[in-house]
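> The structure under discussion is supplied below as structure tokens; questions concerning it will follow.
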Amino acid sequence: MEARAYLKYARISPRKVEIVLDLIRNQDADKAMAILKHTPKAACEDLQKLLKSAMANAENNKNMDTSRLYVAECFVCPGPILKRIRPRAQGRAFRIDKKTSHVTLVLKERE
């Protein structure tokens, strides 16, 4: 029995999200929430929302006990890249890639 939540097209680089996901992988859901609350990273706000969503899915859709939930799986995949142009010297152009992320979070119950 597992509960999933997805965050698609998040406007943050997958590399930055992966750092935070490594902190909460295999942690209890309550402990993971505390870690996200006290970690000063840009990805934490979105991941906090995602974890709350996964916990709500577990409780309401799967009838799981929220006190026994833990982060079984969490991973990030790169989304589409927004390509922008920045003007440079002598009429040249410099490309800026604005990366996006798709994050998946899976919660399971401890035995």
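> Scan (1) out of contact with any helix residue (DSSP H, G or I) (no Cβ under 7 Å at 6 or more places or on another chain); (2) surrounded by 12 or more Cβ atoms within 10 Å (Cβ to Cβ); (3) not in a strand (DSSP E or B); (4) not charged (D, E, K, R) for the single condition residue 80 breaks and write down its number.
(2)
> All but one of (1) under 20 Å from the mean Cα position of the chain (by Cα); (2) farther than 12 Å from residue 109 by Cβ; (3) touching a residue at least 12 places away in the same chain (Cβ under 8 Å) hold for residue 56, so report the exception by its number.
For residue 56, the failing item is (3).
> If you don't mind, there's one more thing I want to ask. Give me the residue from the stretch 57-77 that is part of a strand (DSSP E or B) and open to solvent by less than 40 Å² (accessible area, probe 1.4 Å) and, out of that set, farthest from residue 2 (Cα to Cα).
So the first thing to find is which residues in the stretch 57-77 are part of a strand (DSSP E or B), and the list is 69-77.
Retained after the next criterion (residues that are open to solvent by less than 40 Å² (accessible area, probe 1.4 Å)): 69, 71-72, 74, 76.
On the way: 69: 9, 71: 10, 72: 9, 74: 12, 76: 18 Å.
Going through the qualifying residues, I end up with 76.
> All but one of (1) open to solvent by 100 Å² or more (accessible area, probe 1.4 Å); (2) under 17 Å from residue 25 (Cα atoms) hold for residue 104, so report the exception by its number.
With (1) open to solvent by 100 Å² or more (accessible area, probe 1.4 Å); (2) under 17 Å from residue 25 (Cα atoms) applied to residue 104, the lone miss is (1).
> Could you tell me whether residue 90 is over 17 Å from residue 3 (Cα atoms) and either under 16 Å from the mean Cα position of the chain (by Cα) or assigned to a helix (DSSP H, G or I) (or both)? Explain how you work it out, then say what you get.
Details: over 17 Å from residue 3 (Cα atoms): yes; either under 16 Å from the mean Cα position of the chain (by Cα) or assigned to a helix (DSSP H, G or I) (or both): yes.
Taking the combined requirement at face value, the residue satisfies it.
> Ok, one more. Residue check, residue 54 against (1) in a helix (DSSP H, G or I); (2) surrounded by fewer than 18 Cβ atoms within 10 Å (Cβ to Cβ); (3) not β-branched (Val, Ile, Thr), all met but one. Which one?
Going through the list (1) in a helix (DSSP H, G or I); (2) surrounded by fewer than 18 Cβ atoms within 10 Å (Cβ to Cβ); (3) not β-branched (Val, Ile, Thr), residue 54 breaks only (2).
> Please find, within the stretch 9-47, the residue that is most open to solvent (accessible area, probe 1.4 Å) out of those that are assigned to a loop (DSSP other than H, G, I, E, B) and touching a residue at least 60 places away in the same chain (Cβ under 8 Å). Can you show your working first?
Residues of the stretch 9-47 that are assigned to a loop (DSSP other than H, G, I, E, B), as a first pass: 11-13, 25-27, 38-43.
Retained after the next criterion (residues that are touching a residue at least 60 places away in the same chain (Cβ under 8 Å)): 11-13.
On the way: 11: 126, 12: 23, 13: 27 Å².
Checking each candidate, the answer is 11.
The values are calculated or read from the model by the stated rules, or taken from the named source; none is laboratory data. Bear in mind the structure is a predicted one, so any value in this text is a computation, not a measurement. Please note: Cβ atoms are built from the backbone with ideal geometry, for glycine as well, and neighbour counts cover all protein chains shown. Note: accessible area is taken over every heavy atom of the protein model, side chains too, but ligands, DNA and RNA are not part of it. Shrake-Rupley method; radii C 1.70, N 1.55, O 1.52, S 1.80 Å.
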